[in-house]
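Since every read-out is calculated from the coordinates, none of them should be taken as a lab result. The structure presented is a predicted model; accordingly, all values stated were derived computationally and were not measured. Quick reminder, even Gly has a Cβ in these numbers, built from the backbone with ideal geometry, and neighbours come from all protein chains shown.
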Amino acid sequence: MEKRLTILKNTTPFNLLPDDVLLSIADSLQEIRYNKETLAYRQEITKMKGVDIIAEGEYETFFYDGQNNKRSVEIHHTGYCFGGISVLLNRKKALKSVIVKKGTLVYFLPRKDFRALCSAYEDFFQYFTTDFGNRMQDEEFAHFFKKPPSFEESYIASEQLYSRKIEAVAYRDLISCKPDFPICEAAKLMADKKVSCLFVKDNTQQIIGFVTDITLRDRVIAQCIDAKQAIQTIMDNPIVTISTNAYVYEAILLMFRTKARYLVVEKNGEYIGFLSRNRLLSEQAQSPLVFIQSVKLALNSKELKQKWEKVPLIITQLLGRGVQAEIVNQVITTIADTIAQKVIEEVIGELGKPPAKFVYMVLGSEGRKEQTLKTDQDNAIIYEDKANEQRELVRSYFLEFAKRVSDKLNDIGFVYCEGGYMASNPKWTHSLSHWKRNYKSWMEESLPESAIKFSTFFDCRYLYGDEQIMNELQDFLDEELKNPMERFFVFIAKNALQYNPPLTFFNNIRTQTLGKSEVFDIKNAMTPVVDLVRVYALQNRIFKLNTGERLKALQEKGIFSETQFHELMQSYYYLMSLRLKNQASQVIHEKIKPNNYIELKNLTRIEQVTLKEIFKTIENFQAGIKMRFTNNLLG
C-alpha cells in the first residue's frame, strides 16, 4: 500500500488529490505485471477499461501510419498515467498504440473510478483536457487523431456545445432605419440586404424598436395597413441583448425565456450585430436545447406530458457528455418554465382575459432554477391592487385560474405541493399590497415558522405576467432588508442550520434503511448549502436567483474567499450531478418515480470518500455561520 501511495503522489495529476482520496484509490488499484514485451493497446481498436499508472518499467506509445510505421513515438516511465485522454475524449478507444516493455509493473484504475475523479475534481479533469489541447498543436498528433463521430460520449463535444461563446458565432450586421421611414421602403431595404429583422434608431442612434418579416405579415398585410405609413407605427420593442462574453447555450435559453426571435449582440457597451433563433439552433443541431423548441410547439397538455416524460433521457445524455450540473439545472428549468407558460396561456384561453395585471411566480428550487426530476409545484400569484368593488371579481378569477393551472400541471407530472405552497391555495394568491404586508410581518414577527415562509418566498422568480409587479415587490423587500431586526437573522440562520450533513461521529456516511437498502437523502445533504448561502445573500441584499449565482456574487463582494467559493461551488454541483444521475437512472432503468435517496452500495469507494470530504466542507461552513449569525445561541 505504501508503494502505491508513493507512486500516486508522484504521478500527475493524481498528486493534485487529497490524501484520503489517494488512500482510497490505492486500495482500488489492480496490479498487472508484464513478463514479456507486449502490444497492450492498438489505436482506435482497443477499448479502454480504465487508465494505467506505470509503477516500474516502460511504455512506448505511438501511432501506426498506413504502412504500419511508428509515428509520434514517445517513451514513458514510472509515474506516467496512460489512457486518460482516450477515456474522456476518444470514445473510450485507445488513442495511441502501446508496446509495454518486459518487466513492467502497472497499477490499473477502473474506468468508473477514473470518471468519478474527473467529475469530483475539476483540476484533475482539466489536466487531461489541457494536455489534449497542447498535443493538438502538434501537426502529426492532430493528423492521426480522429474526431469522435458521436457526441454522446465525448467531453470535447460538451465543450463545443456548452462552452462556446457568442463571439465565436457569426452574427449579422445591424441594418437600421429612422422612425419616420415608410413601411414599404423598410420592406424593400430588408429585401435588398437579405435580412429578416430591421432595427429602428432615433436621432441619437439608440435602438428604439425593430421590425421582422412576421411584423410585416401580421401588422401590415393581414390588417391592410397603408404601407406608406412610418415604420414606428408597427415596430416591436423592447429589444433583448446578449454580450459577446455570454455562452451560446445562455443565448438560446434567454430567447426561450423572453420569447425573443432575435438578440442584439453587445460588446463593451456597443451594439455590433444581431443573431436569430434559427441561426443559434442550427449551431446546436445535435443539442437537447432544440427539444425546448418542440415543447413550445406542443398543442395541448397531453403533448406536454409526453415531452416532460422524455426529459430523463435528455438529462442522461447531457450528464454523459460531461455537461456541468449547473447547466443541466438550467435546461430542466427552461423546459419546465416553457411547459408552465403553455399551460397558463391555455387556461387564459379558457377563462378569458384576466381582469387585472398579475404575476405568476415560482418558488423554491424552481424559483432558484435548480429543478431536478423529482419536482412538485411551488408557485404563487400577485395581482395589482384594485378598487373595493372589483376586488372580489379579481380574486375569484385568479383563484379559479390558479386551480386550473395547478390541475393541468399535476396531470403533466408536476405534482401538487404537499406543503400547500401553490397559487391554488387562497393563502398564496393576493394583491401586491397584501404581499408586501406578508413579507413585512414575517420579518417583524421573527418566529421560526415565519422564517421558513420568508426563506421559501425569498426564492421567488417571475414566470408569467407583468414583470413590473415583481420588480416593485423586490424594491420593497430591498428597502426592508436595509434595517432588519437582529432577531430576524437569528431565526433565518437557525432555520438554515436544521439540517446536518449525513456524517457519523467517525466520519462515515450516515444511512437509513429503506426496504432492504441502506440509503441517504441527498436533498437533505445539499440543503445546508442552499439555506446558508441564502442567509448570506439576504444579509448583503443580493437578489441573484440560484445558489451558484449567489455564491459568485458573495465572492465578488469579498464575503467568501476564492477558496471558500470554489469549495462550495464544487461541493454543491457535485452533489447535484449525483442527484440528477440517480433520478434519471431511477426513471429509465428502475422504472420507478424519481426520489432523493441514493443507495450507498451503488457508489464506488472513491465516490464515497469524495462525499465524506464534501460533507466535512459543509460542516465547516455551518460552523462559521453558527458563530456569525447566532452568537453561539445554538450551543
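Using a cut-off of 31 Å between Cα atoms, the listed pairs K494/K552; K523/K552; K591/K626; K516/K544; K427/K557; K3/K626 include K591/K626; K516/K544; K427/K557; K3/K626 as exceeding that distance.
Indicate the gyration tensor shape class of the chain (rounded, prolate or oblate), computed on the Cα atoms with a ≥ b ≥ c the square roots of the eigenvalues: a/c under 1.5 is rounded; otherwise a/b larger than b/c is prolate and the rest oblate. Oblate, because a/c is 1.5 or more while a/b does not exceed b/c.
Given the -39500 (n - 2.57) contribution per DSSP H run of 4+ residues, what per-residue ellipticity at 222 nm results for the chain, rounded to the nearest 500 deg cm²/dmol? Show your work: numbers first, answer last.
Details: 24 runs with 305 residues, N = 635.
The helix contribution divided over the chain gives -15000 deg cm²/dmol.
Here the stretch 415-447 is scanned for amide nitrogen atoms under 19 Å from the site 7 Å beyond the Cα of R487 along Cα-to-Cβ, giving 438-447.
Annotation for the stretch 203-280: trypsin sites (Lys or Arg not before Pro) lying in DSSP loop with at most 16 further Cβ atoms inside 10 Å of their Cβ are K228, K259.
Modelled spin-label separation between L297 and R510, with each label point placed 7 Å from Cα along the Cα-to-Cβ direction: 5.1 nm.
The fewest-to-most ranking of I606, I239 by surrounding Cβ atoms within 10 Å reads I239, I606.
Among the chymotrypsin sites (Phe, Trp or Tyr not before Pro) found in the stretch 375-455, those both in a DSSP coil and sparsely packed, with 16 or fewer other Cβ atoms within 10 Å of their Cβ, are Y416.
Of the beta bridges in the stretch 162-287, as assigned by DSSP with both residues counted there, near 75 percent are antiparallel.
What is the local net charge at G352, summed over the other residues whose Cβ is closer than 13 Å to its Cβ (Lys, Arg +1; Asp, Glu -1)?
Details: positive: K353, R404; negative: E345, E346, E350, E400.
Once all neighbours under 13 Å are counted, the net charge is -2.
Summing charges over all other residues whose Cβ lies under 13 Å from the Cβ of D531, with Lys and Arg as +1 and Asp and Glu as -1, gives +4. Neighbours of E185, meaning other residues whose beta-carbon lies under 14 angstrom from its beta-carbon, give a summed charge of +1 when Lys and Arg score +1 and Asp and Glu score -1.
I'd like the trypsin sites (Lys or Arg not before Pro) in the stretch 52-112 restricted to DSSP loop residues with at most 14 other Cβ atoms within 10 Å, sorted by number. List each step's numbers first, then the result.
Working: sites: K70, R71, R91, K92, K93, K96, K101, K102, R111, K112; in loops: R91, K92, K96, K101, K102.
Passing both the DSSP loop test and the Cβ count: K102.
The angle separating the long axis of helix 122-135 from the principal Cα axis of greatest extent in the chain is about 70 degrees. How far is helix 111-120 tilted off the main Cα axis of the chain, in degrees rounded to 10, range 0 to 90? Value to nearest ten degrees: 50.
When T233, T244, T375 are sorted by how many other C-beta atoms sit within 10 angstrom of their C-beta, beginning with the fewest, the order is T233, T244, T375.
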